[in-house]
Amino acid sequence: MESAQIKRSLFILNPHAGILPVKFILSSELQRRKNELATYKSLSIHESGSHIREVFNKYDFFIAAGGDGTVRSVAKQLLGSKKILGVLPMGSGNGFGREFGFRPNLRSLLSDIRKAGSIPVDVIEMNDQICLNLAGTGLDSYVAHSFNKSRTRGFWTYSWMTLRNFADLRPFRVCIQSGDKEIFNEDIFDLIIANTRQFGYNAFIAPEAKPHDGIIDIVIIKPFPKILAPFFIIRLFTGKIKNSKYVSYIRTPDPFIIKTDEKRFHIDGEPVEIEGDLKVNIRRNALMVLQTKRSKL
């Protein structure tokens, strides 16, 4: 007999998210245990949001089974409540899931749910949208837009998209204002707004970022000789990119505004277009996330 926590858990499955064979294995396992586990197969962000609101009082744990986009769509419905977000990672990068120790393993996740521990975390607000993990404009946003059009997923597809966009990369101007003060105004290659440390795949772009410290980490990559790209990649995966003279960090608890002519952004890996000023602030302890036995937070 399953515990009370399992019975009060709802799995929100995005059938379009994920890479094979992970998606096939986990989806099949959820289907096999459909009499034990409450599962809702969502065909759109709007549909999943409507269903969560309908059954909100029935469940205490809402498990996003998909990629970072699925996680964000579920989290949006839980903000400001005591409901707990869990993740069954099935996507490509799974940046948010990796940061909190979630694994593509249903048995391990159910064990964590039974223990019912949780962590209050911050959420970054960007105009009318939220960001759990990372957002930005520049190289990583160009990759997100290209990746979204691809029929294939996975690390090698992502790597190829990165190389292709990097070859065409050109500097663009970004201005950052906090209150009446201009804190940055230069040409750059990339701007990352970070609530956690990594893009996914353990690529640590903001090694000091913590999702519960009330601080927004801004990472700025300035134009550099493209021949140095391999050294950037090594530093990215070893968590030492902050040591580069071409990388600047700004850490702030205060709201700020980003001004740029670049419209292509990404939020948690999902491509978006933003025109005009982008207002950014942090919302403290806005979301409860399931504590996993592998979490180091």
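Coordinate-derived values only; no laboratory data. Since the model is a prediction, treat every value here as computed from it, not as a measurement.
What number in nm² do you get for the stretch 129-283 if you take the convex hull of its Cα atoms and divide its surface by four?
In nm², the orientation-averaged hull projection of the stretch 129-283 is 8.7.
What percent antiparallel are the DSSP beta bridges of the chain, to the nearest 5?
Bridges in the chain are about 75 percent antiparallel.
Run the numbers for Ser3 and Ser159: contour at 0.36 nm per residue of separation, minus the present Cα-Cα distance, in nm.
52.0 nm
Given a cut-off of under 8 Å on Cα pairs at least six residues apart, what relative contact order in percent is computed for the chain?
Dividing the mean separation by the residue count of the chain yields 23 percent.
Calculate the radius of gyration of the Cα atoms of the chain to one decimal place, then report Dmax, the largest Cα-Cα distance, as a whole number, both in Å.
In order Rg, Dmax, the Cα atoms of the chain give 19.0, 61 Å.
Quick check: from the Cα gyration tensor, does the stretch 232-297 come out rounded (a/c under 1.5), prolate or oblate?
In terms of gyration-tensor shape, oblate.
In percent, what relative contact order does the stretch 150-227 have, based on Cα pairs under 8 Å that are 6 or more apart in sequence?
Once normalised by length, the contact order is 23 percent.
What is the count of Lys pairs in the stretch 4-116 whose alpha carbons sit under 15 Å apart, if the two are 8 or more places apart or on different chains? Walk me through the numbers on the way to the answer.
Numbers: Lys7/Lys34; Lys7/Lys58; Lys7/Lys83; Lys7/Lys115; Lys23/Lys41; Lys58/Lys82; Lys58/Lys83; Lys83/Lys115.
Total qualifying Lys-Lys pairs in the stretch 4-116 comes to 8.
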